[in-house]
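Heads up, the thing below is written out as structure tokens.
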Amino acid sequence: MVLKIINSNSAGNCYILENNKEALIIEGGVKFPLVKQTLNFNISKVVGCIVSHEHGDHAKAVEHIAAAGINVYASAGTISGFECKSHRFKPVPANKVFRVGSFEVTPFNIMHDTNEPFGFLINHEETGKVLFLTDTKYCKYTFDGLNNIIIEANYSEEILNSGGYGEWLKTRVINSHMSLETCKGFLRANDLSQVNNIVLIHLSDSNSDERLFSDQIQELSCCNITVAYKNQVIPFLKTPF
């Protein structure tokens, strides 16, 4: 299994977990031709798409994904916020496991300024337990037995407070995105002993520092730390071997 990062910032977010047989799209926040290109135009292997919330940088392609015959799974609130309708949009409840191909997915509630945003716990025999967590002020849950983590570290409190953002925008960022400091606190609260990869996603262009973020997260764990960037491919297995 590999994790393919099509893009990971405020311009658009989309990730694919893929092996030789199947692929799961996580977020639909880039133009669909980019998704098809990343899949080498083999969209028949896509078992589904999961979407955390309805903002365009996470959901702009859902109409085209659905039109290609791919089911899009999200909360009922998120689907109500899409700018289109499709029988391929499948509402799923929080805290209940559903299966997408060989992937078992458990959605859970997070804190963002949208209708009903979700994080996802994804389980697959090749990857083990994968946590996907983005666009949230913090996470009230902890998770046992994680093997891979894809997590937002959007901004540094110090950089944000010293920057040029007005008070309204600064408040909005603080109340809807995860800071480096909160990300570190969340990771400390979880058992990282079995974690192979931590991938930092959705870094702010203005309020982050890639090297600083990577170094500080590395201090918490001896696993592989990656800052997501466009067109990156990461081996994403349960163990390093």
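Can you tell me, using C-alpha contacts under 8 Å and at least 6 residues apart, the relative contact order of the chain as a whole percent?
The value is 19 percent.
Before anything else, pin down the relative contact order of the stretch 1-67: Cα pairs under 8 Å, at least 6 apart, normalised by residue count, whole percent.
32 percent
Ranked from highest to lowest mean number of other Cβ atoms within 10 Å per residue, what is the order of the peptides 132-142, 97-107, 205-215?
Going from most to least packed, we get 132-142, 97-107, 205-215.
Give the residues of the stretch 58-81 whose amide nitrogen is closer than 19 Å to a point set 7 Å from the Cα of Lys31 in the direction of its Cβ.
Zone members listed by number: 58-68.
So what's the gap between the Cα centers of the stretch 50-64 and the stretch 194-241, to the nearest angstrom?
Taking the Cα centre of each part, the stretch 50-64 and the stretch 194-241 sit 23 Å apart.
Report the calculated FRET efficiency for Tyr229 and Lys170 (r = Cβ-Cβ distance, R0 = 25 Å), to the nearest 0.05.
0.50
Just to be sure I understand the model, the point goes 7 Å from the Cα along the line to the Cβ. What's the resulting Ala189 to Lys137 distance in nm?
Placing both labels 7 Å along Cα→Cβ, they lie 1.3 nm apart.
Once every DSSP H run of n ≥ 4 in the chain is given -39500 (n - 2.57) and the sum is divided by its residues, what mean residue ellipticity at 222 nm do you get, rounded to the nearest 500 deg cm²/dmol?
Mean residue ellipticity at 222 nm (helix-derived): -6000 deg cm²/dmol.
Relative contact order of the stretch 139-241: what whole-number percent is it, with Cα pairs under 8 angstrom and at least 6 residues apart?
Result for the stretch 139-241 is 38 percent.
Among the aspartates and glutamates, which have Cα under 19 Å from the Cα of Lys140 when same-chain residues fewer than 8 positions away are ignored?
Partners within reach: Asp113, Glu116, Glu152, Glu181, Asp191.
First select every other residue whose beta carbon is under 14 angstrom from the beta carbon of Tyr15; then total the charges, Lys and Arg +1, Asp and Glu -1.
Around Tyr15, the charge tally is -3.
If you take Rg/Rh (Cα atoms, Kirkwood Rh) from the coordinates, which of (1) 1.04; (2) 0.99; (3) 0.94 do you get?
For Rg/Rh (Cα atoms, Kirkwood Rh), the calculated option is (3).
Lys45: which aspartates and glutamates have alpha carbons under 13 Å from its alpha carbon, excluding same-chain residues fewer than 8 sequence positions away?
Result set, ordered by chain and number: Glu18, Glu22.
Read-outs throughout are calculated quantities, based only on the coordinates presented, and are distinct from any laboratory measurement. These figures come from a predicted structure and were not determined experimentally. Ideal geometry is used to build each Cβ from the backbone, glycine not excepted, and the neighbour counts take in all protein chains shown.
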